[in-house]
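Worksheet for the structure shown next.
Just so it is clear, none of the values below were taken in a lab; they were calculated from the coordinates. Note that this is a predicted model, so its numbers are computed, not measured. Here the Cβ is made from the backbone with ideal geometry for all residues, glycine too, and neighbour counts use every protein chain on show.
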Amino acid sequence: MNKNRYHLHEERLASTDDQGHRVYIHPEDVTGFWRTQRTKVYWFLILIYLVLPWINWDNKQIVLLNIPLREFTFFGTTFYAHDAPLILLVLLGFVFTMGFITSIWGRVWCGWACPQTVFIDTLFLKVEKLIEGKSRARQKLDSSPISFEKVYKKSLKWLAFTFISLVIAHSFLGYFVGARNLLQITLNGPSSHPSLFILSMIITGIILFDFGWFREQFCIIACPYGRFQSVMMDENSLVVAYDSARGEPRRGLNTDPSNPKEGDCINCYHCVKACPTGIDIRRGTQLECIACTNCIDACDTIMTKINKPKGLIRYDTENNLEGKESSRFGIRSGIYLFALITIFSLLAYNISKSGQLKITLIRGTGTPYRERILKNGQREITNLYKMRLDYKEEKALKIDFRLKKKENRSQVELISPARPFQLHSGRSKTSLIHFRFSPHFLKGGNRKIELQFYDIQKPNQIIITKEVNLVGPLH
Ligand code: SF4
Ligand code: SF4
């Protein structure tokens with residue numbers, strides 16, 4: 001039996017012992033080309049994450065996902081509830097972008113951009129190292145009995161983790177509530193917005209649990225992307241891989257007396273010690289590998305020390321490693337790219353089509369209609385709609401609206417305060433519209449009508465027509 005604790009069991013996760021208990025992984029620090037590049041990318045991403053909610057574009061927060069109002073703003077373009085097909089296109093675009101990137105560069109998302117990796121590596125591991133010391137010191141502290149030093153260091157670490165989690169959680173909420181709005185609410189104290197306070201505490205708790213304690217377990221057992229990324233990859237995808245043709249037979253394992261020559265791997269286990277998921281990349285591509293490149297740098301350091309060329313562990317394709325022809329851009333990548341171009345073309349077309357005046361009509365919350373008995377004994381139904389007008393032209397515009405079908409005009413009363421609407425460039429206006437009508441106007445409990453919006457200077461030129469579905473009782 002191999003006594004080396006880094007020699008992993010064939011059928012067990014590196015992060016569990018033979019009883020199935022969690023083994024806490026303390027990856028060793030590495031230095032090298034990839035480490036330096038990743039540090040730069042991580043800090044850049046963290047900076048974007050923290051700063052983005054504070055930037056305004058067109059008088060709106062650059063990215064704002066206002067769920068209660070069902071308004072989703074991305075870089076000056078706002079999508080509303082009725083833009084669900086466009087939001088679906090954005091989501092599909094994201095999925096196919098991930099597919100395309102994965103098919104060419106493998107799990108580059110996991111190693112270079114996933115919040116799990118970025119925050120743990122850049123903030124949580126750094127704080128842990130600062131307070132508890134390097135990898136071996138941390139392992140020693142974990143296995144030591146309770147002492148003043150242990151309690152002090154662990155308490156200090158979790159206090160720092162809590163502070164970092166609070167900052168991450170509040171920045172996250174800033175994308176939904178608005179950063180400035182959230183700052184004001186926070187300054188007013190928890191009692192001013194108890195539900196938001198509770199939500200922020202829940203998110204902080206989840207971050208603290210995941211980034212502080214759960215860590216690589218999330219990547220190994222919970223991450224859905226980790227599960228289906230293998231479907232997006234093939235033998236031509238770039239992976240972090242060990243060149244077994246060059247490395248084997250590794251030192252001490254050559255059992256062929258007729259040819260005692262050994263490969264370049266000196267079996268030092270540095271690649272395993274540096275791995276944040278605790279795996280041995282020499283066993284081939286594994287689901288647990290998040291392509292963080294730590295093992296590349298760890299092995300390159302060893303290769304430099306023993307005067308061998310770097311790259312025993314490197315970014316490469318499986319085909320290349322097996323000496324086969326490798327093409328980066330295969331059929332799979334082509335399909336993803338085609339889908340991506342189609343989706344983004346559709347998105348661009350739909351956004352440009354929406355023009356300089358955008359009118360959004362959303363049914364008022366609460367009951368879909370109100371019914372009342374008039375003095376003359378007749379019934380009257382009221383539907384309430386919220387209207388939003390977004391205008392971008394330089395020249396001011398005064399608009400009004402009417403029912404498209406003349407025969408409907410005498411049957412449906414439109415009540416909206418502030419008509420006509422004076423619009424100025426870059427400004428939005430909101431208003432309510434009450435539709436009043438007799439239940440006899442409906443057919444089977446509902447009826448679609450159309451509203452025409454026109455410039456009051458040119459009443460015959462219709463700018464936009466919007467459809468509204470009026471509802472009421474079935475009888
Ligand atoms: S095997 Fe290498 S690239 Fe994969 S997770 Fe471990 S250290 Fe990172
Ligand atoms: S770091 Fe390189 S030399 Fe050392 S065990 Fe890993 S692959 Fe072999």
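If a spin label sat at a point 7 angstrom from the Cα of V23 along the line to its beta carbon, the backbone N atoms of segment 181-218 nearer than 18 Å would be those of 214-218. Working from label points 7 Å from Cα in the Cα-to-Cβ sense, the W57 to Y315 distance is 2.7 nm.
Residues E371, E248 in ascending order of nearby Cβ atoms (within 10 Å, fewest first): E371, E248. Taking Cα centre as origin and charging only the Cβ of basic (Lys, Arg, +1) and acidic (Asp, Glu, -1) residues, the dipole magnitude of segment 305-425 rounds to 360 debye.
As a proxy for reagent exposure, V239, V41, V51 were ordered by neighbouring Cβ count within 10 angstrom, fewest first; the result is V51, V41, V239.
Straight-line cross-link partners of K150 among the lysines, defined as a Cα under 24 Å from its Cα and at least 8 positions apart when in the same chain: K126, K129, K134, K140, K273. Which of the trypsin sites (Lys or Arg not before Pro) found in segment 224-326 are loop residues per DSSP with 11 or fewer other Cβ atoms within 10 Å of their Cβ? Those satisfying the criteria are K261, K324. Look at where the Cα atoms of segment 183-206 and of segment 446-475 average out, and the two centres are 42 Å apart. Each of D121, D58 was scored by other Cβ atoms within 10 Å of its Cβ. Listed from fewest to most, they are D58, D121. Rounded, prolate or oblate: pick one for the chain, where a ≥ b ≥ c are the square roots of the eigenvalues of its C-alpha gyration tensor, a/c under 1.5 means rounded, and failing that, prolate if a/b is larger than b/c, else oblate. The shape class here is prolate.
The calculated FRET efficiency for F209 paired with T430, based on their beta-carbon distance and R0 = 45 Å, is about 0.65. Put the Cα centre of segment 331-348 next to the Cα centre of segment 42-108 and the gap is 18 Å.
Considering helices alone, the calculated mean residue ellipticity of the chain at 222 nm is -12000 deg cm²/dmol, with DSSP H runs of length four and up weighted by -39500 (n - 2.57) and normalised per residue.
Between the residues T360, A396, W158, the greatest Cα displacement towards the positive end of the dipole of the chain, with unit charges on the Cβ of Lys, Arg, Asp and Glu, is found for A396. Near T16, the amide H atoms lying under 5 Å from its own belong to V23; only residues 5 or more places off or on other chains count, and H is placed 1.01 Å from N.
Placing +1 on the Cβ of every Lys and Arg and -1 on the Cβ of every Asp and Glu, with no other charges, gives segment 8-87 a dipole of roughly 380 debye about its Cα centre. Given +1 at the Cβ of Lys and Arg, -1 at the Cβ of Asp and Glu and no other charges, the dipole of the chain around its Cα centre is 1960 debye to the nearest 20. Here is what passes the span test in the chain: the DSSP H helices with alpha carbon length of 30 Å or more along the helix axis and a Kyte-Doolittle mean of 1.6 or above are 84-105.
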